[in-house]
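These notes are about the structure you will find just below.
The values are calculated or read from the model by the stated rules, or taken from the named source; none is laboratory data. The model shown is predicted, which means the values in this text are computed figures rather than measured ones. Quick reminder, even Gly has a Cβ in these numbers, built from the backbone with ideal geometry, and neighbours come from all protein chains shown.
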Amino acid sequence: MRQRLVTGQSTASDRRARIVELTAKGRQLTRRVFRAHERDLETIMAILSEEERRQLYEPLKKLGISALGALQNPTNASTGAHK
């Protein structure tokens, strides 16, 4: 079943490559799914105290920032060394 969540078009410079973008329907679905995911995470995390949440959040945030940096600049990706 085609839901038309993305569009794709070829590029003039490289016919092997395609530019893929979410449609309005795709963006709407993504927002809805992420909101539900956020609610689920909050429910799961409710068992933790505020201090436990803070202790968990800091290393996860560090990992997320590192992953984003690696995606933006794959040639300078971290070697895993602690900073």
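Descriptive notes on the structure:
- Considering (1) modelled with pLDDT of 95 or more; (2) within 24 Å of Val6 (Cβ to Cβ), the lone condition that Ala17 does not fulfil carries the number (1).
- Qualifying residue in the range 24-40 (condition: part of a loop (DSSP other than H, G, I, E, B), surrounded by 10 or more Cβ atoms within 10 Å (Cβ to Cβ) and more than 17 Å from the chain's Cα centre (by Cα)): no
- Taken together, the residues in the range 8-36 that are of a type outside the set (Ser, Thr, Tyr), touching a Lys or Arg at 6+ places or on another chain (Cβ under 7 Å) and without any contact (Cβ under 8 Å) to a residue 12 or more places away in the chain amount to 1.
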